[in-house]
Each structure stands twice: as structure tokens, then as C-alpha cells.
Amino acid sequence: MTEQPGPRDTGSTGTTGSTGTTGTTIVLGHVVTPASQTSSQTPGPTHLDIPDGAVAYAGGTIQAVGAADDVRASYPDAAIVDEGDRLIVPGFVDAHVHFPQVDMIASPGLELLDWLENYTFPTEARFADAAHADATADFFTDQLIANGVTTACVYSTVHPESVEALFRRALENNLRIISGKVCMDRNAPEALLDTPDSAVADSVDLLERWHQVGRLEYAITPRFAPTSSDAQLAALGEMATAYPDVLIQTHLAENTGEIAWVGDLFPDAVDYTDVYDRAGLVRRRSVFGHAVHLSERELTRLAAAEASIAHCPTSNFFLGSGMFSLARAQELSGLRIGLGSDVGAGTSLSPLVTLNEAYKVSRMLGTPMDVPALLRLATLGGAEALGVDATVGSLEPGKDADLVVLDAHADANSAVLKRRADNAVNTGELLFALMILGDERAVTRTVVAGDG
Ligand SMILES: [Zn+2]
């Protein structure tokens, strides 16, 4: 019998985040990374830019980041990978994405609620077929790596098989994947409905078998308030209480029609945020997708609960949902905010493409983001939003060796990007050109937990 990676009850011990490599590897290149603030007494830099830099790692963990000469002197026996003047950045974090929706990306012409009905639900119904779920999970995880995404918070479908397929494949690739079975007990086709009891039973079963196996985590995942009854939200809130450290993901205040519908469905709630709050679903590691149209009360409440927002600009433009003001949210509340592709409403799995749209939203709202803030949003910001910043999100000793090599001159890139890169006068201009003109073709290498 071939030994396959699998969940706890198959006898596998899972992986440890290590590739089994005992020796040290040093990648040489132009290191650019956000940096954690380790001490409020003596805050260090929040952004590192090391042109002749190096990252050393062993056993899936970063050992050193710094000037190439210094790092090489510390590890004289290390294997060397020389990336020349290419950029080395942290593995990207996608804080909100639907893996089943890769088959319906770029479906035209509808706003959120009609788009769900016409495209999303028929696409997700196909995941009752485990073979289809397996094939899609294979494609999706391959695409994450191709796009430089090493950590993702992912919606599956209502079917437990969809989560199994994703986790199985992510464990093989050693990706840091947080996912859960979507819970819906109303306002969707019969074939996609569960019940309050079955939603909790299936979620607990998946959690018990897959949570913290390798780099995987389970997430309690009600799709959004309109497709869950009060009883289901309350049942998931009880489950959340039983698992106080587990991530919760759902959608919030994406579109004005949706918000009006929530008002009709939950007449006793103060507002949309309160629908989740009353059920016990607003807390640290609650990650709310979109949050485009929130009142000051709601933002303040989310911040007080230490909840997070996944900002999904390509999706918000594509569905015409609105523009999320990251500056307002941070100013009012200091909320943790990550970047979400929200494929399939989002139009690309590439964090570079998604950052292009994040920049444009910020520019439209009169609060343009700078390059360090953009890079942070797609890396450490996302890790903080998901509560995994102790292990990923930046290139720092002790964190997982997740890193991405970006090459503005990769053969497949557009001639325009190459020419603009030639004319970049500093790191910020080069990185910005990659964000505005680049996509997965600029990702020439993705190292996942020291492997790649
Ligand atoms: Zn979504």
C-alpha cells in the first residue's frame, strides 16, 4: 500500500512543516519584506529592503535574513541558490478565496445575489462528486503555488468531500491552508442545503480529523447571513465557543441589496454585524470578507472584538459592490486587514493583480497606499488578519520558509513590464511596476516551507 498524506484517523502523523531537509539553503537576491514590530519600546523598521540580501533556511524554517555576506559567513556549508538581482518577498497570503469557483471566474453581467444564483450555486453543486472535487483541488493548489500564494483562507462548498479534497492536496503540497465546509440551510438550491445540526456535525468531524494536521487549519464557515437561519448561526456560534481558537470566516456588508435583505431577514438585529455578533461569531480570528459598507459602530465593534477584514478589491469592482476604504477602517479602529482574491467574483488568483486593484481603490478614495503598505497587505497584513503572523507573512528568523522570487524580466512577462523595470530608479518603483503590470508570469519560484 502506498502511504498517502491524510487526516488523523488514517494513522498518518501529518507533516511538521518540514521538508525533511537537514542542511541549510541560502537564497541570494534582493530581499524585500515587511517586518514584525517585536517591541513597542524599541520599534524596529517595518519594511526591509536589502539589495544584496539572503535568506537562509533549514527544515522548513527561516534561520537568517540579512546582507548576503553576513548570512553566508554564518552558514559556510549551506547550499546556495543565486537569484541574482531578482526580488525575494514573503509567500503571499490570500485571506479570502473560494476554491470551487475557479470554474466560473469571469462570469459576466450580474450583481452579487443574481450572480450567486446563476453561477455560484450550479458550480458548487458539482462538488457532490468527489472526483470533481479532487480534480479542482489539484488545479487550485497548483495555481496558488504558481501565483506565489503559500497561505490561503479558503471557502469550500457545503459538501464535506470538498474540504477533504482540498486538505488532502494542500497537505501533499505543504501549503498553509485554512478552510471549512460552507454552511447554508436556506435561500439556496435544495441540493446545497444542510441543517443546523448537520452543519455542526460535519464541521466538527472535519475539524477533529484535519485541524492542525501539518499546516492545515479548520475554519467555521457560514457562507453569509442570508443563507443561514438564526438557528444555524446560533449552532455555529455554540461550536465556536467550544473551539475558542478556531478561525471563523464569512461575508459581511458586500453589497447594498444584500444588506437590505439581511435587514428583512433579521429585523431584530441592530445591523448586519450584529447578526453575527448575537450568534457569538464576532471575535478574534473572525475574518469578514468585503465589509465594504459598514457603519462606524460596526467597524468599532469589529475592532473591539479583535476581528479582521479581508479586502477583496477585484471582486468589489467586478460585481460593482463598492469600494472598501482601508484607510477609514484603520483610522477608526486599527482593524487587522488582509488581501483577498475572492475568486471567482475576483478576477485573478494573482496577489500582484489584486494589489493593482487595491491601489486603485485607495487612489479613488483619496488615500493612496504606498508600496510598503501594499506589500504588507498581501503578506504580513493578511497573516495578522488570519492570526497566523507568528509563523508566516514576513521573512524573519523562526518563521516558516515561505518565499517568492519575483522577476520583472522573466521571459513570459510583457515587454512593457520589462521596459518599465529597466527604468525603475529604486526598489519601490520596481515593486510597484510588478504590482501594476505583473501577474503570475513574474513569479519564477515559490518556496513552500523550504521546498521549491
Ligand atoms: Zn467570497
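Bear in mind that the values in this text are calculations on the coordinates, not laboratory data. A quick note: this is a predicted structure, and the numbers were derived from the prediction, not measured. For neighbour counting, all protein chains shown are included, and Cβ atoms are generated from backbone atoms with ideal geometry for every residue, glycine included.
The simple spin-label model puts a point 7 Å past each Cα toward its Cβ; for Q37 and V81 those points are separated by 3.2 nm. The slack in the chain from D142 to D411, taken as 0.36 nm per residue of separation less the alpha-carbon distance, amounts to 94.8 nm.
Hydrodynamic estimate: the Kirkwood radius of segment 46-113 over Cα pairs, inserted into Stokes-Einstein at 4 °C and 1.567 mPa s, corresponds to D of 82 µm²/s.
Summing charges over neighbours of G382, with a neighbour being any other residue whose Cβ is under 10 Å away from its Cβ, gives -1 when K and R count +1 and D and E count -1.
Gyration tensor over the Cα atoms of segment 176-240: the corresponding equivalent ellipsoid has semi-axes (square roots of 5 times the eigenvalues, largest first) of 22, 12, 10 Å.
Modelled spin-label separation between A131 and E429, with each label point placed 7 Å from Cα along the Cα-to-Cβ direction: 5.5 nm.
If you look at the Cα atoms of segment 137-265, you get an Rg and a Dmax of 14.9, 45 Å. Label zone of E172 (point 7 Å out along Cα→Cβ, amide N under 16 Å): in segment 130-147 this covers 130-146.
Helical runs (DSSP H, four residues minimum) scored at -39500 (n - 2.57) apiece and divided by the length of the chain put the mean residue ellipticity at 222 nm at -10500 deg cm²/dmol. Helix 427-437 and the longest principal axis of the C-alpha atoms of the chain enclose an angle of approximately 40°. Computed from Cα atoms, the angle from the helix 196-210 axis to the main principal axis of the chain rounds to 20 degrees. Note on the chain: Rg/Rh from C-alpha atoms, Kirkwood Rh, equals 0.96.
An oblate overall shape is assigned to segment 327-420, the ratio a/c of its alpha-carbon gyration tensor axes (a ≥ b ≥ c) being 1.5 or greater and a/b not exceeding b/c. The H on the amide N of Q212, modeled in the peptide plane, is under 5 Å from the matching H of E217, Y218, each at least 5 residues off or on a different chain.
Between the Cα long axis of helix 130-146 and the first principal axis of the chain there is an angle of about 40°, rounded to the nearest 10. Given a Förster distance of 22 Å, report the FRET efficiency between M323 and A260 from their Cβ-Cβ distance, rounded to the nearest 0.05. According to the calculation, E is roughly 0.70. Assuming charge only on the beta carbon of Lys and Arg (+1) and of Asp and Glu (-1), the dipole of segment 92-386 about its Cα centre is about 1000 debye to the nearest 20.
Extension gain, T241-K418: 0.36 nm per intervening residue step, less the Cα-Cα distance, totals 58.5 nm. Backbone amide hydrogens, once placed in the peptide plane, bring R86 within less than 5 Å of H30, excluding anything fewer than 5 places away on its chain.
Based on every Cα atom in segment 85-173, Rg and the maximum pairwise Cα distance Dmax equal 14.3, 48 Å.
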